[in-house]
């Protein structure tokens, strides 16, 4: 049965106040995510930690949902506080040797650049590959690889342009040379289907607060099971070990799963809200979610193009995403974003271009409203 997208809008009260088209930044949350967070807070208010065992069980259900989203098993998923933490797990835990190098696009978000540059004192070279017209060209990445390349770090979707990287081809290329692949998935996970069974990514991290429609402060770290022992956990704690509830028995036996990277007490309320958000997305079906986002962004691009606006983002079927990057005509992008906010429309700007990022609960009327605003304002 087709999804009733107008009914889904009732789950997002933000739609009553704003045409919110900025999910590539920090998303609003759903009623369900809000209820989960408030329910946990009320529980702590009334009962303290008495119900902590139940929270532990509920969090494992959230882990199972995250694993379902990625098409993997729960043992491969650890919870993190943000994408940067997951990147640091890989950057700091990888067994580098002096002279090794890591390759990444030059236009990556800083979170996927600085942790690798921080390895300079360990003799690790960072090779930045320039983009061409907003695209990360596979042949350019190939040219940067050599016998000392150990890892390629790349985004599923580039944050400023919305370019969707050809992950399957990249992983095939890298694995044929014995090179690992890390993916910053925050700009695609929750909007575009991604199966780590079909595309055998080695490591992945994604925060909760963009396309996953959950609060800030949580995220997902994925690691292939064959790398549990390969990647050194640089930040261990009481929860990293097998018998973590036995506080009086010191036995340093790390968990034989991704959970060894969860070193301490988790932010249960935020993660339970993430669980509610995941339940919504998985229930809709990520395939359907992406079809809706694709239809909305296609409509937006068509209407803007018809009015003379240049769409910077690729709209090729294999390259497009939920992010639409648009070149301003006369007024600076920053000014247009501020003026749009005054009209109840939330968009953003990156690299001196407008960045528009609708989710599946947005509708055609909101996009038309944005188009008319831009047409009237940037004459």
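Number of residues in segment 184-195 that are in contact with a helix residue (DSSP H, G or I) (Cβ under 9 Å, 6 or more places away or on another chain) and either surrounded by fewer than 24 Cβ atoms within 10 Å (Cβ to Cβ) or under 22 Å from residue 117 (Cβ atoms) (or both): the value is 7. Within segment 286-314, residues that are free of Cβ contacts under 8 Å to residues at least 40 places away in the same chain sit with their Cβ atoms under 7 Å from residues that are surrounded by fewer than 20 Cβ atoms within 10 Å (Cβ to Cβ) and assigned to a helix (DSSP H, G or I), at 6+ positions apart or across chains, in these pairs: 311/301; 311/305.
In segment 231-241, of all residues being touching a helix residue (DSSP H, G or I) at 6+ places or on another chain (Cβ under 9 Å) and not in a strand (DSSP E or B), the one that is nearest to residue 56 (Cα to Cα) corresponds to 239.
If I filter segment 18-38 for residues that are farther than 22 Å from residue 275 by Cβ, touching a residue at least 40 places away in the same chain (Cβ under 8 Å) and part of a helix (DSSP H, G or I), do I get at least one hit? Even if it seems obvious, please write down each step before you answer.
Within segment 18-38, the first condition is being farther than 22 Å from residue 275 by Cβ, and the residues that meet it are 18-22, 24-25.
Next, from what is left, pick out any that are touching a residue at least 40 places away in the same chain (Cβ under 8 Å): 18-22, 24-25.
Right, trim to part of a helix (DSSP H, G or I) and you get none.
No, every residue in segment 18-38 fails to be farther than 22 Å from residue 275 by Cβ, touching a residue at least 40 places away in the same chain (Cβ under 8 Å) and part of a helix (DSSP H, G or I).
For every residue, the table says whether it meets (1) surrounded by 18 or more Cβ atoms within 10 Å (Cβ to Cβ); (2) outside the structural domain of residue 320 (by TED's automatic domain parsing); (3) closer than 18 Å to residue 227 by Cβ; (4) under 22 Å from the mean Cα position of the chain (by Cα).
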| position | (1), (2), (3), (4) |
| --- | --- |
| 139 | no, yes, no, no |
| 148 | no, yes, no, no |
| 177 | no, yes, yes, no |
| 182 | yes, yes, yes, yes |
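Considering segment 349-372, and only residues there that are part of a strand (DSSP E or B) and touching a helix residue (DSSP H, G or I) at 6+ places or on another chain (Cβ under 6 Å), the residue that is farthest from residue 213 (Cα to Cα) turns out to be 353.
The values are calculated or read from the model by the stated rules, or taken from the named source; none is laboratory data. Since the model is a prediction, treat every value here as computed from it, not as a measurement. Cβ atoms come from the backbone with ideal geometry, glycine included; neighbour counts cover every protein chain shown.
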